[in-house]
Each structure stands twice: as C-alpha cells, then as structure tokens.
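Single-structure report; data block below.
The values are calculated or read from the model by the stated rules, or taken from the named source; none is laboratory data. Since we're looking at a predicted model, the values are computed, not measured. Using ideal geometry, Cβ is built from the backbone for each residue, glycine included, and neighbour counts are taken over all protein chains shown. To get the accessible areas, we keep the full protein, side chains included, count just its heavy atoms, and leave off ligands, DNA and RNA. Shrake-Rupley method; radii C 1.70, N 1.55, O 1.52, S 1.80 Å.
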Amino acid sequence: RGLIQFLHLSEAVENEQLFREPCSIGPPKHLLEEMAAVHTPESLVALLGRYSSTVVAHAAKLYLKNSAWPVIPGGLTKSLTSAVDLKQTDRRGEAQRLASLLASLPQEAHGTLRELCALLGDLPAKSSLLAYTFGPILIHLDPSMLTDPRVMVAMTKNANLVVQVFIDFHHVVFGA
C-alpha cells in the first residue's frame with residue numbers, strides 16, 4: 001500500500017501515462033527488494049523519493065501481479081465478472097453489487113484495492129485504459145475456463161469492466 005499512497009500524494013497523479021509508460025523491469029524489481037529492508041514510514045518515503053514515479057508505478061504493478069496473496073482471490077472471479085454486463089447502462093447498480101461481493105475481502109486487501117482505485121480514479125487517463133492495464137493484474141482468470149476463445153474474450157472484457165467500475169465508482173464500491 002505504501003507505493004500506492006506515495007503515488008497518490010505525489011505529482012504523479014497529474015501524469016496521464018502513469019502505469020502505462022514503458023519501463024525496464026530492473027529498477028522496479030530493485031525497488032521492491034530495497035523495500036523489504038524498510039521498517040519505518042519515513043524510510044519508505046525517503047526510498048521512494050529516490051525513484052521516478054514511473055518506476056514506483058511499475059513496482060506497484062509488479063508487486064500486485066506477483067503477490068503470493070492476490071488482492072482479489074480467485075474464488076471471487078466468477079462472481080465479480082458475472083456482476084457486470086457490457087450492455088448494462090446502470091453502472092452505479094453494478095458498483096453496489098460489486099461492493100457487496102468485496103465485503104468478504106480481508107481488511108488489508110480491501111484497503112489496498114480501495115487506495116489503488118482511488119488513485120486510478122484521480123488520474124487524468126481514461127478509466128477504460130487503466131482497466132485494460134489492471135484487469136489482468138487484479139482479476140486472475142482461471143485457465144480451465146478459458147479453453148474456448150469466445151469465453152476467454154468475454155471473461156477478459158468483463159474482468160476489465162469490473163475494474164473500470166471499481167475506478168469510476170470507487171466511492172460507491174469502497175465507501176467515501
């Protein structure tokens with residue numbers, strides 16, 4: 001969460017390309033390794049201040065992607081992707097359904113997801129582009145369900161739509 005909080009409090013929120021700018025994998029990996037030795041909020045701020053916002057953003061994505069404990073457990077995937085409909089226009093109603101599904105998340109995971117979606121909602125980039133970036137990171141699709149290419153495309157679109165609703169309606173999904 002420290003990476004996300006740092007980005008949210010920095011001038012990075014004005015960068016439309018944040019999370020989408022190219023970045024080699026080395027610096028974000030190095031940052032994550034260095035973070036393992038940090039024990040105080042002050043030390044974390046000092047460490048993150050030595051890196052560009054692009055590296056910090058990529059480190060956050062890398063952490064979320066490779067975490068042993070995903071923010072959104074695989075058991076919620078089917079419920080979440082079924083709670084949205086590409087043809088639906090009432091996204092607020094979908095946001096309310098998604099909020100009830102997320103109530104079962106552990107507090108740490110819920111807080112991380114809330115902070116991430118608030119940050120993404122404050123970025124000037126289109127939420128659909130950010131959802132395209134974060135959909136596969138946050139919502140892990142079960143490979144056994146993706147044997148049919150049509151099902152794979154539909155599930156991926158729905159997963160991205162779930163993340164877009166998280167971003168666009170983060171106040172509804174996660175509370176004020």
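Observations, loosely collected:
- Taken residue by residue, region 25-44 has no member that is under 13 Å from Ile137 (Cβ atoms) and surrounded by 15 or more Cβ atoms within 10 Å (Cβ to Cβ).
- Residue pairs meeting the criteria (Cβ under 8 Å; at least 6 apart or on separate chains; first free of Cβ contacts under 8 Å to residues at least 12 places away in the same chain, in region 36-49; second among the small types (Gly, Ala, Ser) and open to solvent by 50 Å² or more (accessible area, probe 1.4 Å)): none
- Region 53-77, subset in a helix (DSSP H, G or I) and free of Cβ contacts under 8 Å to residues at least 24 places away in the same chain, residue farthest from Ala154 (Cα to Cα): Asn66
- All of (1) more than 15 Å from Thr81 (Cβ to Cβ); (2) over 15 Å from the mean Cα position of the chain (by Cα); (3) in contact (Cβ under 8 Å) with a residue 24 or more places away in the chain hold for Ala125 with one exception: (2).
- A residue that is surrounded by 13 or more Cβ atoms within 10 Å (Cβ to Cβ), within 10 Å of the chain's Cα centre (by Cα) and not in a helix (DSSP H, G or I) occurs nowhere in region 142-160.
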